[in-house]
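Structure first, then comments.
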Amino acid sequence: MRKILLGLGVGVMALGAGGGAAYYLGYFDEPESPQTSGARKSQVPQDMVEPSKIEEPTPEPKPLPNQYYVSRAAETVYLQPETTSIPDGIAYYGEQLNVMERRGDWIRIAPIYQLEEGADEVSQWVDSAHLSVEPVKLSGSDWFDVLQEYIENSDHYMSFQEAFLDASTQLIKGKQCRLADFEEVGGWIKSINHKDSVYFTYCGGIEAEHKIYLNVASGKIF
């Protein structure tokens with residue numbers, strides 16, 4: 001009887017040892033129970049939080065320009081900032097317009113005044129929708145296409161087109177003349193008091209003192 005009990009004890013010990021070896025070797029490597037997994041997850045420190053997102057600052061809007069440039073052949077100037085207002089002149093290609101006030105897309109380019117005592121205040125307003133914020137070059141095909149509209153009625157234009165275009169550009173760049181002057185006069189007129197190669201125009205008025213001469217043979221302006 002004692003031998004039987006001893007044999008059973010040895011058998012039990014053998015099974016226990018075998019089971020331990022089986023787990024170690026992975027034969028019974030089953031996934032841990034949900035309870036065990038949850039217990040491990042609960043061990044994560046509670047004070048660990050996700051880092052807050054850093055918000056990038058909103059860029060400040062670019063300042064509006066203080067001047068614009070006429071980029072079309074002409075822009076109508078109005079007494080009030082609306083197209084139904086009375087026209088009050090023309091701003092011509094390439095001219096700089098300084099901003100004195102804004103109302104939406106409209107800019108005021110002159111002081112406020114009254115046409116008569118007790119009348120509504122008016123000024124000179126231009127819609128900036130088609131204006132350029134960069135200076136417009138008075139050169140190239142775009143410029144000559146615009147300029148030609150104002151001087152193509154000059155005397156003998158087809159014969160001296162290049163001389164007329166060059167001289168007119170030089171006078172406008174030097175602020176001696178505006179496109180408005182050539183529009184009023186019609187371009188260059190043949191002089192009867194000088195040699196055959198001399199023509200003239202008016203800038204800033206139509207008096208003798210406003211007369212400007214051009215020698216188309218030499219390109220000299222006087």
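So with the 1.4 Å probe, I'd like the accessible area per residue for the stretch 177-222, rounded to whole Å².
With all protein chains present, the stretch 177-222 gives 56 Å² per residue.
If you add up the charges near residue 66, with Lys and Arg at +1 and Asp and Glu at -1, over every other residue whose beta carbon is less than 13 angstrom from its beta carbon, what do you get? Provide the component values of the computation, followed by the final result.
Numbers: positive: 62, 102, 108; negative: 101.
Within the 13 Å Cβ shell, the charges total +2.
Any chance you could tell me what percent of the C-alpha pair distances in the stretch 73-165 go past 19 Å?
Values: 2202 of 4278 pairs.
When every Cα pair of the stretch 73-165 is considered, 51 percent fall beyond 19 Å.
Per residue, how much accessible area does the stretch 53-160 have with a 1.4 Å probe, in Å²? Write down the numbers at each step before the final one.
Numbers: 7400 Å² over 108 residues.
It amounts to 68 Å² per residue over the stretch 53-160.
Determine ³J(HN,Hα), in whole Hz, for all residues of the stretch 166-180 in sequence, where each value follows from phi through the Karplus function 6.51 cos²θ - 1.76 cosθ + 1.60 and θ = phi - 60°; x replaces Gly and Pro.
Once θ is set to phi - 60°, the couplings for the stretch 166-180 become 5, 5, 5, 4, 4, 5, 6, 4, x, 6, 7, 9, 10, 4, 4 Hz.
To the nearest 10 Å², what's residue 156's accessible area with a 1.4 Å probe?
That residue has around 100 Å² of solvent-accessible surface.
How charged is the neighbourhood of residue 109? Take every other residue with its Cβ under 14 Å from the Cβ of residue 109, and add Lys/Arg as +1 and Asp/Glu as -1.
Working: positive: 102, 103, 108; negative: 75, 88, 95, 101, 105, 127.
Every neighbour counted, the sum reads -3.
With a 1.4 Å probe and all protein chains kept in place, how do 185, 198 rank by accessible area, largest first? The partial results should precede the final answer.
Values: 185 40, 198 10 Å².
From most exposed to least exposed: 185, 198.
What part of the accessible area of the stretch 162-221, given as a whole %, is carbon or sulfur when the probe is 1.4 angstrom?
Solvent-exposed carbon and sulfur of the stretch 162-221 make up 46 percent of the total.
How large, in percent, is the carbon and sulfur part of the accessible surface of the stretch 54-95 at a probe radius of 1.4 Å?
Working: 1590 of 3010 Å².
For the stretch 54-95, the apolar C and S fraction of the accessible surface comes to 53 percent.
What is the Cα centroid distance between the stretch 180-211 and the stretch 92-127, reported in whole angstrom?
31 Å
Kindly write out, for the stretch 131-140 in residue order, the coupling ³J(HN,Hα) from the Karplus curve 6.51 cos²θ - 1.76 cosθ + 1.60 (θ = phi - 60°), rounded to whole Hz, with x marking Gly and Pro.
These are the phi-based 3J(HN,Hα) values: 8, 9, 8, 10, x, 8, 6, 8, 7, x Hz.
Would you kindly find the accessible area of residue 58, with a 1.4 Å probe and non-protein molecules such as ligands, DNA and RNA excluded, rounding to the nearest 10 Å²?
Accessible area of residue 58: about 120 Å².
Give me, ordered by chain and number, the residues 5 or more places off residue 177 or on other chains with an amide H under 5 Å from its own placed amide H.
For residue 177, the qualifying residues are 172.
Could you work out what % of the accessible surface of the stretch 96-154 is carbon and sulfur, using a 1.4 angstrom probe and leaving DNA, RNA and ligands out of the count?
On the way: 1540 of 3710 Å².
Answer for the stretch 96-154: carbon and sulfur cover 41 percent of the accessible area.
Decide, for the stretch 125-222, between rounded, prolate and oblate: order the square roots of the alpha carbon gyration tensor eigenvalues as a ≥ b ≥ c, take rounded if a/c falls under 1.5, and otherwise choose prolate if a/b is larger than b/c, else oblate. Numbers along the way, then the final one.
Details: a/c = 2.21, a/b = 1.67, b/c = 1.32.
Verdict is prolate for the stretch 125-222.
The values are calculated or read from the model by the stated rules, or taken from the named source; none is laboratory data. Quick caveat, the model's predicted, so the values are computed rather than measured. With ideal geometry, Cβ positions are generated from the backbone for all residues, glycine too; neighbour counts draw on all protein chains shown. Side chains included, ligands, DNA and RNA excluded: accessible areas come from the protein's heavy atoms. Shrake-Rupley method; radii C 1.70, N 1.55, O 1.52, S 1.80 Å.
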